[in-house]
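The values are calculated or read from the model by the stated rules, or taken from the named source; none is laboratory data. Nothing here was measured: the structure is a model prediction, and the numbers come from that model. Methodologically, a virtual Cβ is constructed for each residue, glycine included, from the backbone with ideal geometry; neighbour enumeration extends over all protein chains shown. Ligands, DNA and RNA are excluded from the accessible area calculation, which covers all protein heavy atoms including side chains. Shrake-Rupley method; radii C 1.70, N 1.55, O 1.52, S 1.80 Å.
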Amino acid sequence: MTEPQVTGRRKALWDAFCHNQKITENSSPLFDTDHESIVRVRQVGKTLSRSILSRSESMEARVIAETNILLKDIEHNNEQYDGLIYMMFTRQNDDVIPLYIGKAESKGRSNPVSANIKDVARVKDKFARWGDNYQYHIGDLSASVLPGHDARYVTLKYQHWAESLFVSYPAERPQLKQDIWFWCKAWNKNNTGIWPEFGPIRLTFLEYLLIGVASSLFPETLLNREGHSRV
């Protein structure tokens, strides 16, 4: 195949996966914003209060619903689900333009239920990797976007996120450059992934393939570093 043919094949695979998974139909705004696309800010922490970017209610409801599928699977010992696949993205017409692809596995390294998906309806510190704590997406992104965070928690990775998502940072009233969407799904190990020839695939391999295809198609916008083709 020529390079344009290879690119065309990958684009067809990406579009088919997004269509089959109904990603645009089953997505939510990632952030809680006002009419000027300014993300609402809230305070967390009992002893040392800090400012945190607010997730949208529909995004939180989506995460809770999908993690409940995982928890019920574990409770009944069915072992059909590996965990949660998720994507942060923008839209261009009918196209899904990925910004970040990741996963939250059902089981922990030493525990039958991963702390990332446990009790997410009540506790938002981890929240399937999108939690308020540092070392989680919202917590670390907030450290770069919002003033007042300890400089130890401002990382290059989330500065890249901030530059991609926001008009300027740090800012008291952080404004998005464009609408940011979020999709997630409890991944059944019998589901077919982005490459139909592989048939049913596990969550870890799905994440690897999605990042690989997305990095070749959207090298300027994809924020993943692991598995990314660029330096």
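Numerical summary
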{"item": "Kirkwood Rh, angstrom, the stretch 31-126 [1 / mean 1/r, Cα pairs]", "result": "15.5"}
{"item": "Lys, Arg +1 and Asp, Glu -1 on Cβ, resulting dipole of the chain about Cα centre, debye, nearest 20", "result": "480"}
{"item": "Karplus-derived 3J(HN,Hα), 6.51/-1.76/1.60, for each residue of the stretch 101-111, Hz, glycine and proline x", "result": "10, x, 8, 10, 6, 5, 9, x, 5, 10, 10"}
{"item": "Extension gain (nm, one decimal) between ASN68 and VAL167, 0.36 nm per residue minus Cα-Cα", "result": "32.1 nm"}
{"item": "Percentage relative contact order, the stretch 146-231, counting C-alpha pairs under 8 Å, at least six apart", "result": "17"}
{"item": "3J(HN,Hα) from dihedral phi, the stretch 212-220, Karplus parametrisation 6.51/-1.76/1.60, rounded to Hz, x for glycine, proline", "result": "x, 5, 5, 5, 7, 8, 10, x, 8"}
{"item": "Bins of 10 Å, starting at 0 and running to the largest distance - Cα pair percent for the stretch 84-196", "result": "13, 37, 34, 14, 2"}
{"item": "Zero-based 5 Å bins, Cα pair distances in the stretch 138-223, whole percents", "result": "3, 12, 17, 17, 14, 13, 12, 7, 4, 1"}
{"item": "Loop-located trypsin sites (Lys or Arg not before Pro) in the stretch 20-73, at most 13 other Cβ atoms within 10 Å (DSSP)", "result": "LYS22, LYS46"}
{"item": "Relative contact order of the chain, pairs being alpha-carbon contacts under 8 Å that are 6 or more residues apart, as %", "result": "24"}
{"item": "FRET E, pair GLU220, ALA61, Förster distance 35 Å, beta-carbon r, rounded to 0.05", "result": "0.65"}
{"item": "Binned Cα-Cα distance frequencies in the chain - 5 Å width, integer %", "result": "1, 6, 13, 18, 19, 17, 12, 7, 4, 1, 0, 0, 0"}
{"item": "Accessible area in square angstrom per residue, the stretch 76-231, 1.4 angstrom probe", "result": "50"}
{"item": "Radius 12 Å from Cβ of LEU203, net charge of other residues (Lys, Arg +1; Asp, Glu -1)", "result": "+2"}
{"item": "14 Å beta-carbon shell around CYS184, net charge (K/R +1, D/E -1)", "result": "0"}
{"item": "With every protein chain in place, the chain: carbon and sulfur % of accessible area (1.4 Å)", "result": "48"}
